[in-house]
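For reference, the structure discussed in these notes is given below.
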Amino acid sequence: MGLTLAAGCDKAGKLSFSFVVNWTRKWFLKIGLALLAVFLLLAAAAFFFPQWFLCVDNGPVKSDVIVVLGGGSHERPERAAELFRERVAPRIIVSGLGDCKINRRLLIEAGVPSGVIEMEDQSRTTKENAQFVIQWLRKSNLPPVKRVIIVTSWYHSRRALACFRHYAPDIQFYSCPSYFAYARADWSRKGIVNRIRLEYVKLPGYWIRYGVWPF
């Protein structure tokens, strides 16, 4: 009699344990599928609406300096000159090997006095833009810089802003991008389709390689 009861209890315990394991597996499977669905929806939204995903614009802000990044289709200095005329900052730094001299000339042609323009002409990547500009800011004879506006193309603005914030968390950085070829109809005509696609590779690449979190 005692052996029978013990065997029955043992069997009931095994059934109860098996039920818990199966229920837990199903619960985790449901959560996993739900997370996968959310991820796929976000990925689809990012792919089909890059303006929403890649572009960061902090709106009207004042700063100590404007930093213009190299690259794009020369729309970046045009945007920086516009901001300078709005008196959002008293100085401009142009950054990027091969682009800074051209961008400086375009700024002057747009009415920016040459005396307020500084050049950082060694950086080759967005990471180096951030690192070298921050080094320059810390070593310059200017008053301590606390607020900086980053000017780049809209599709590049998320990664650029994330880089600067990553390498100098003690400085407040803001993004005021150019909206050149912002409309989808202009992407192919203006030749920026590949640049937009490349950002989807570089964003996770910068996170994995350099620890630059884009959000």
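Points to keep in mind about this one:
- Of the residues making up the stretch 128-148, those that are touching a residue at least 40 places away in the same chain (Cβ under 8 Å) and in contact with a helix residue (DSSP H, G or I) (Cβ under 6 Å, 6 or more places away or on another chain) number 1.
- Applying a threshold of 8 Å to beta carbon distances and a minimum spacing of six or more residues, or different chains, the list of pairs starting in the stretch 198-215 at a residue that is assigned by TED's automatic domain parsing to the domain that holds Thr126 and touching a residue at least 24 places away in the same chain (Cβ under 8 Å) and ending at one that is in a loop (DSSP other than H, G, I, E, B) and among the small types (Gly, Ala, Ser) is empty.
- In the set Ile134, Ile149, Ile93, only one residue is touching a Leu at 6+ places or on another chain (Cβ under 7 Å) and under 23 Å from Arg159 (Cα atoms); that residue is Ile149.
- Test result for Pro90, in the same structural domain as Arg159 (by TED's automatic domain parsing), exposed (fewer than 15 other Cβ atoms within 10 Å of the Cβ) and within 24 Å of Gly59 (Cβ to Cβ): yes
- Within the stretch 153-188, being part of a helix (DSSP H, G or I) and among the hydroxyl-bearing types (Ser, Thr, Tyr) holds for Tyr155, Ser157, Tyr167, Ser188.
- Test for Val56: is it out of contact with any Leu (no Cβ under 7 Å at 6 or more places or on another chain) and aliphatic (A, V, I, L, M): no
- Just one of the listed residues (Phe173, Phe180) is surrounded by 18 or more Cβ atoms within 10 Å (Cβ to Cβ) and under 13 Å from the mean Cα position of the chain (by Cα), namely Phe173.
The values are calculated or read from the model by the stated rules, or taken from the named source; none is laboratory data. Just so we're clear, the structure is a prediction, and the values are computed from it rather than from any experiment. Cβ atoms come from the backbone with ideal geometry, glycine included; neighbour counts cover every protein chain shown.
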